[in-house]
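The values are calculated or read from the model by the stated rules, or taken from the named source; none is laboratory data. Quick caveat: nothing in here was measured; it's all calculated off a predicted structure. Every residue, glycine as well, gets a Cβ built from its backbone with ideal geometry; the counts of neighbours run over all protein chains shown. Keep in mind that these areas ignore ligands, DNA and RNA; they rest on the heavy atoms of the full protein, side chains included. Shrake-Rupley method; radii C 1.70, N 1.55, O 1.52, S 1.80 Å.
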Amino acid sequence: MMVSMEAENPREHPPVPARRAGSVRPARPEDLPRLVELVHEHVAYEKAAPRPAGLADRLGPHLFAPDARLWVLLAEAPDGTVAGYAACSAEFAFWDARHYLHMDCLYLAEEARGHGLGAALMEGVAGLARELGVDQVQWQTPDWNEGAVRFYDRLGATGAHKRRYTLAVPAGQPGEARH
């Protein structure tokens, strides 16, 4: 299945009303400062290493380029405050020979939890997947994040037991083999 973005521009879809309060909408360039604040909160929440300075400068071109393959949906509280985000990219599942939407991050500020914004973000992510012509969303969450696990279970999502690895690749010339 091809990821089709010609029918509609997924960055222009209308806001998704949250069940109880607030709404979900695509990120805009002027949202980058708040988005970066939320990313730093998310990093601290997951007890991960701080990210280097300049995140907004690095994210902006990937998020807002005409051929971008990265989408961010923002959750807004009723007062218009951006309270959370979901970041997604189109990926390919080799074993299934099909594209899917990978949700890399979903985060809500602590004070925004329990008001329906997480469910609204997930509805927005599912809508984005439909707009892109894919029929599956995949993501992961830390095992220790029991609140997230319960939330995803309530949505009817299924978990897979895998461990995520990362490998730093030293700088070098493209195509240069390291021995």
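General remarks:
- Condition check for F94: at pLDDT below 85 and of a type in the set (F, W, Y): no
- Per the listing T141, T158, the residue uniquely at pLDDT below 95 and touching a helix residue (DSSP H, G or I) at 6+ places or on another chain (Cβ under 7 Å) is T141.
- Taken together, the residues in region 45-62 that are outside any helix (DSSP H, G or I) and among the small types (G, A, S) amount to 4.
- You will find that of R69, R20, the residue that is modelled with pLDDT under 85 and of a type outside the set (S, T, N, Q) is R20 and no other.
- Within region 34-55, restricting attention to residues that are touching a residue at least 12 places away in the same chain (Cβ under 8 Å) and open to solvent by less than 30 Å² (accessible area, probe 1.4 Å), the residue that is farthest from L108 (Cα to Cα) is L55.
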